[in-house]
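Written below as structure tokens is the structure these notes are about.
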Amino acid sequence: MSKELPGIILMFVLTLALAVPLGKYIARMYSGERSWTDKIFNPVERLFFRLSGIDPHKEMNWKEHMKHMLIINLVWFLSGMLVLMTQQYLPLNPDGNPNMSADLAFNTSISFVVNCNLQHYSGETGLSYLSQLFLMFLQFVSAGTGMAAAALLFNALKTRTTEKLGNFYDYFLKSCTRILLPLSVIVALVLLFNGTPMTFAGKDTITNLQGDTVQVSTGPAAAFIAIKHIGTNGGGFFGANAAHPFENPNYLTNMVLMMAQMIVPFAMIFALGYYLKRKKFAWVVFSVMTIGFLMLVIPNILMETRGNPLSAHMGIDMSKGAMEGKETRFGAAATGFWSIVTTVISTGSVNGMHDSTMPLSGMNELIAMMVNCFYGGCGVGILNFFIFIILAVFISGLMVGRTPEFMGKKIEAREMKIAMIVALLHPLLILAGTALAMALPQYTASTLSNPGFHGFSQALYEYTSSAANNGSGFEGLGDNTPWWNISTGIVLLLSRFLPIIGPVAIAGSLAAKKYTPESAGTLKTDSGTFGLMLFAVIAIVAALSFFPALTLGPIAEFFSLK
Amino acid sequence: MISSIFRALRLTIISLVFFSGVYTLVIYGAAQLAPGKGKGDTIVSNGHRYYTNIGQAFTSDGYFNSRPSAVGYNAAGSGGSNKGPTNAAYLAEVQARIDTFLVHNPGVGKADIPVELVTASGSGLDPDLTVKAATIQVKRIAMQRHISEAALNQLIRRYTAKPMLGPDRVNVLQLNLALDRLQPKL
């Protein structure tokens, strides 16, 4: 433990130290200011736009943004289905893996388009290298889509009245080429020099020291794993995800991958501050998120390092903690830390199996995804948080008897309706999905691999992870069945696009309103009081709606631990 | 509308070429400069090639045993047990591992068995043991191989990686290869 805690603190502090300047860079990039990186990227992006016939300077209103976003996402989804269902006939399939079934391809393609990376297959046996590379493409562009929507939000909150909010393709491509790509190259290089494979050779057959013959899956993993974290995607190249010794060979790579998934969501918060010249507001947002994060992560580190009381009853040495589903090279503390980082941010990669974490650790992982905005995914984290900002501004405005205003724009019935719909959609999809799965045991009962309360938690986790576009799982769930593939596929779609369209619609409507400069009567949003208000709104809306479901799963399991 | 779809399709194709193709080739090219040339770190011993980071099943009493694996160290199908902490079948399995360990390691007290030696790893391919999980096996191996316990403890010390951050660990494969060099298999 003595050497494990400094590692965790260092990961967080280093990420923060890098995220502030990166945020500044992102803000300059979205506002179109010149920078030294133009020389490299301008020609590349011009080539993209020339070959696709898109004019990146044509400004769009929010509806046009969303139209183009949906069109190109549909193109990605359909091409994904096509590749996954025909991979057997396509090149780069040295292991001879078969085509995906239609329902699994439906789920997988949606899951990667929406930045979730729920995986109902194992990479070793389920995908050809060509499919892996196609999914890697989706990992770039899905993260870029979320960031483009966030860039629109930044633009809409500027102090002016307009309907023109930049160009979707411009924001999207810049996010991919100028942020995601360079960061991914750095991470991939670190991985390469620590033993992660990057090869197109198929399975290797070796004879073990004891004389058994085993096959070892490899592949072009380093490139994939880098963007999987930078883009907060989280889908593993191999079945065991970042617990696999090829994906995550040592403690150093573990730190780098951890930082890789935190950096863009952190930076986007500061980018908002720099872009709107409201740095203090960005710090209020960051603080609220960090308090929520710490409230979840500290208990998890403690519970995982303490270990399973039921194993302790057997009279063995428990000093390493809850090691079921964990790797020696990371230890329980770093794995407990990762379990919350990956769930507050919508990454969903795992370096230890969440299904085997302690009951209340599992609950915290669930809460992290139920709230889904403590940092959150690339771009979409800010959008989710924006909904809570609107709610908090409205409620506190009413409490002090003033017209609610945010960034000099009045918040009225239309914005509130949209915000409420988006805020309630998340619990609706999770709870209705789980309820359906429980009501139809003929489809689900046999897929739950653990008995009792934990079995219920497995189903709840699957829908929560889908609705949060997270992608981690209580992986014991036998989820490659038409029921799970189709039902979570639908949840994935709704919970990706409505929570993007909703905040963007609010932003578009605010941007078109008259700007009223701040006066003494304006509710200050960059204060600690407002931060507290925000936190209360999040706790009430997000956390409490899920409390009954949590009592049936992880909380009940906790009380059965005696 | 139709023209928007075509433009989106064209942008998709060119981004596909760039992010799946160019980016992949750049990283693939860089891999040729890395140790192992992008094929993973390997150890060659007695003409056999092994992956340093991919754990192997060591079940024989004459070797340092590796941790339990839910997938039997199948490196073409990684995974954990995904058993919940209160699952009765899982707890019975842990108990059975403890009992087996005590049978194979006479003279070792139950309270000294470290939890990591009776729980399955997340990947099913954990290449490492903690120092304690290796040390607890010394008595058994000394008996099996007729080597002094001191020599074995020294071997463990030599192969313990002590990174600046993160837990100390012993690579089981390297340790067992060294064990075979110390005294060729009986």
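Here are some notes:
- With R₀ set to 22 Å, the beta-carbon distance separating A:Tyr443 from A:Leu561 gives a calculated FRET efficiency near 0.15.
- Dipole magnitude for the stretch A:3-277: about 1160 debye, using +1 per Lys or Arg Cβ and -1 per Asp or Glu Cβ, origin at the Cα centre.
- Dipole-positive endmost among A:Ile501, A:Thr525, A:Tyr463 within the stretch A:447-562 (Cβ charges, Cα centre): A:Thr525
- Between B:Phe6 and A:Lys280, the distance separating the two model label sites (each 7 Å from Cα on the Cα→Cβ line) works out to 5.4 nm.
- Legend: P(r) of chain A from all alpha carbon pair distances, 10 Å bins from 0, whole percents, reading 4, 18, 30, 28, 15, 5, 1, 0.
- Proxy reagent accessibility, fewest Cβ within 10 Å first, across A:Ser396, A:Ser466, B:Ser60, A:Ser128: B:Ser60, A:Ser396, A:Ser128, A:Ser466
- Farthest toward the positive end of the dipole of chain A, out of A:Leu302, A:Phe112, A:Gln261, is the Cα of A:Gln261, where the dipole comes from beta carbon charges about the Cα centre.
- Formal net charge of residues neighbouring A:Gly471 (Cβ-Cβ distance under 13 Å; K, R +1; D, E -1): -2
- For the stretch A:420-562: rounded, prolate or oblate by the Cα gyration tensor [a/c cutoff 1.5]: oblate
- Degrees, to the nearest 10: B:88-104 long Cα axis against longest axis of chain B: 50
- Length gained on full extension, A:Arg306 to A:Lys524: 74.2 nm, using 0.36 nm per residue less the C-alpha separation.
- Straight Cα distances below 17 angstrom link A:Lys39 to the aspartates and glutamates A:Asp170, with same-chain residues fewer than 8 positions distant left out.
- Net lengthening on full extension, B:Asp61/B:Ile147 (0.36 nm per residue, minus Cα-Cα): 29.6 nm
- Among beta bridges from DSSP that stay inside the protein assembly as shown, the antiparallel ones total about 95%.
- Gyration tensor verdict on the stretch B:41-182 (Cα atoms; rounded if a/c is under 1.5, prolate if a/b is larger than b/c, oblate otherwise): oblate
- Summarising the label geometry, the points placed 7 Å from Cα in the beta-carbon direction at B:Arg181 and B:Leu25 lie 4.2 nm from one another.
- Aspartates and glutamates with Cα under 18 Å of A:Lys562, excluding same-chain neighbours fewer than 8 positions away: A:Glu304
- For B:Thr42, residues with placed amide H under 5 Å, excluding near neighbours: B:Thr52
- Rounded to the nearest 20 debye, the dipole size of the stretch B:41-182 about its Cα centre is 240 debye, using +1 on the Cβ of Lys and Arg and -1 on the Cβ of Asp and Glu.
- Couplings 3J(HN,Hα) of the stretch A:394-408, computed from phi: 5, 5, 6, x, 5, 4, 9, x, 10, 5, x, 10, 9, 6, x Hz, in residue order, whole Hz [Karplus 6.51 cos²θ - 1.76 cosθ + 1.60, θ = phi - 60°; x for Gly and Pro].
- Over the stretch B:41-182, relative contact order from alpha-carbon pairs under 8 Å, at least 6 apart, %: 28
- Footprinting exposure proxy ranking of A:His354, A:His57, fewest other C-beta atoms within 10 angstrom first, gives A:His57, A:His354.
- Charged side chains reduced to their Cβ positions (Lys and Arg at +1, Asp and Glu at -1) give the protein assembly as shown a dipole of some 2060 debye around its Cα centre.
- Taking a point 7 Å from the Cα of A:Arg414 along the Cα-to-Cβ direction, the residues of the stretch A:148-174 with backbone N closer than 13 Å to it are A:162-163.
- Counting only residues at least eight positions apart within a chain, or on another chain, the aspartates and glutamates with an alpha carbon under 13 Å from that of A:Lys277 are A:Asp526.
- Options B:Ala120, B:Gly109, B:Thr86, ranked by Cα towards positive dipole end of the stretch B:41-182, top entry (Cβ charges): B:Gly109
- Förster radius 45 Å - calculated FRET efficiency between A:Arg402 and A:Trp36, Cβ distance, rounded to 0.05: 0.50
Every number here is computed from the coordinates shown, using simple stated rules; none is lab data. Owing to the predicted nature of the structure, the values given are computational and were not obtained by experimental measurement. Because the Cβ atoms are built from the backbone with ideal geometry, glycine has one as well, and the counts that use them run over all protein chains shown.
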